[in-house]
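To start, I am sharing the structure in question, which I have written as structure tokens.
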Amino acid sequence: MRMSDHQGQEAKASGWRGSRELWLAAAKQAFLDTGLEAVKIQPLASRLNISRTSFYWFFKDRNALLDALLEEWERKNTGAFIDAGKAYAETPAEAVLNLIGVFLDETLFEPRLDFAVRGWAHQSDAVMARVNAADEHRLAAIRSIFERFGYAPDDADTRARTVYLTQIGYISMQVRESLRVRMRRIPRYVEIFSGHAPTASELARFHARHGFRPGENGAG
């Protein structure tokens, strides 16, 4: 809805209105910290210390904000798989390292957000449909990697599901591993997922991308 003249005057009197990005960031943080019920206009306004009516400069209503939150999740978390699927790789092992890297970099993929949205989906058929669609898009991106390296369609599909469901299992079970432990396991994961062991140079590049120095982190 459009702001009324009275709402507009009140927003002007209160000064700064914030921005769409600010409201969305506050909504996401409240969602992650407390849950969906925390994503309400007045509590967010109080959190931001700005007028409640300022919200309506950027969103029609709470449902529009919730939809924007889902769009942000789709853009970032699903987009990360699409980007990884297009990333340069000389071998299947290197391509799988690119995929695993998605789960190690929260600037690319936010596991807490994925976990929270999946919880939300159990309360809403519409959100569940979006989660299911996102899963299919992610699987398609992973499948395309294996197909690009000549795997048969059924093999590519099974390997894609093995990669993806393993990693989503980490999130769903809220597994906590140190980076050292995860890095030690990754070469075997890659071999199982792709049928090819990563080379020393592929692992070295992967470690460098993720700021891991084996000697300093106590791993061999």
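Determine, yes or no, whether residue 112 is open to solvent by less than 30 Å² (accessible area, probe 1.4 Å), in a helix (DSSP H, G or I) and among the charged types (D, E, K, R). Before you say what the answer is, go through the steps one by one.
Values: open to solvent by less than 30 Å² (accessible area, probe 1.4 Å): no; in a helix (DSSP H, G or I): yes; among the charged types (D, E, K, R): yes.
No: the conditions fail for residue 112.
Give the residue, chosen from 65, 32, 44, that is open to solvent by less than 30 Å² (accessible area, probe 1.4 Å), under 28 Å from residue 132 (Cα atoms) and either at pLDDT below 95 or assigned to a helix (DSSP H, G or I) (or both).
Sole residue among the options that is open to solvent by less than 30 Å² (accessible area, probe 1.4 Å), under 28 Å from residue 132 (Cα atoms) and either at pLDDT below 95 or assigned to a helix (DSSP H, G or I) (or both): 65.
Still on this structure: Quickly run through the stretch 47-62 and pick out the residues that are in a helix (DSSP H, G or I), open to solvent by 60 Å² or more (accessible area, probe 1.4 Å) and at pLDDT below 95. Write out each step before concluding.
So the first thing to find is which residues in the stretch 47-62 are in a helix (DSSP H, G or I), and the list is 47-48, 52-57, 62.
Checking the rest, the ones that are also open to solvent by 60 Å² or more (accessible area, probe 1.4 Å) come to 47, 52, 57, 62.
Correct list: 47, 52, 57.
Still on this structure, I have one more. Return a yes/no flag: does the stretch 191-211 have any residue that is modelled with pLDDT under 95, of a type outside the set (Lys, Arg) and either surrounded by 18 or more Cβ atoms within 10 Å (Cβ to Cβ) or not in a helix (DSSP H, G or I) (or both).
Looking for residues that are modelled with pLDDT under 95, of a type outside the set (Lys, Arg) and either surrounded by 18 or more Cβ atoms within 10 Å (Cβ to Cβ) or not in a helix (DSSP H, G or I) (or both), one finds at least one in the stretch 191-211, hence yes.
Give me a count of the residues in the stretch 128-183 that are farther than 18 Å from residue 195 by Cα, open to solvent by 50 Å² or more (accessible area, probe 1.4 Å) and either among the aliphatic types (A, V, I, L, M) or in a helix (DSSP H, G or I) (or both).
Counting residues in the stretch 128-183 that are farther than 18 Å from residue 195 by Cα, open to solvent by 50 Å² or more (accessible area, probe 1.4 Å) and either among the aliphatic types (A, V, I, L, M) or in a helix (DSSP H, G or I) (or both) gives 11.
Another question, if that's okay. Find all pairs meeting these conditions: Cβ atoms under 9 angstrom apart; at least six residues apart or on different chains; first residue within the stretch 173-198 and without any contact (Cβ under 8 Å) to a residue 60 or more places away in the chain and under 24 Å from residue 112 (Cβ atoms); second residue hydrophobic (A, V, I, L, M, F, W, C) and in a helix (DSSP H, G or I).
Hits for this filter: 174/115; 183/203; 183/206.
Among residues belonging to the stretch 4-29 that are modelled with pLDDT under 50 and charged (D, E, K, R), point out the one that is surrounded by the most Cβ atoms within 10 Å (Cβ to Cβ).
That would be 10.
Specify which of the listed residues (112, 143) is free of Cβ contacts under 8 Å to residues at least 60 places away in the same chain, in contact with a helix residue (DSSP H, G or I) (Cβ under 9 Å, 6 or more places away or on another chain) and of a type in the set (Lys, Arg). It would help to see each step written out before you state the result.
Values: 112 fails: free of Cβ contacts under 8 Å to residues at least 60 places away in the same chain.
Answer to the check: 143.
The values are calculated or read from the model by the stated rules, or taken from the named source; none is laboratory data. Values in this document were obtained by computation on a predicted structure and should not be read as measured data. A quick note on method: Cβ atoms are made from the backbone with ideal geometry, for glycine too, and the neighbour counts reach across all protein chains shown. Note: accessible area is taken over every heavy atom of the protein model, side chains too, but ligands, DNA and RNA are not part of it. Shrake-Rupley method; radii C 1.70, N 1.55, O 1.52, S 1.80 Å.
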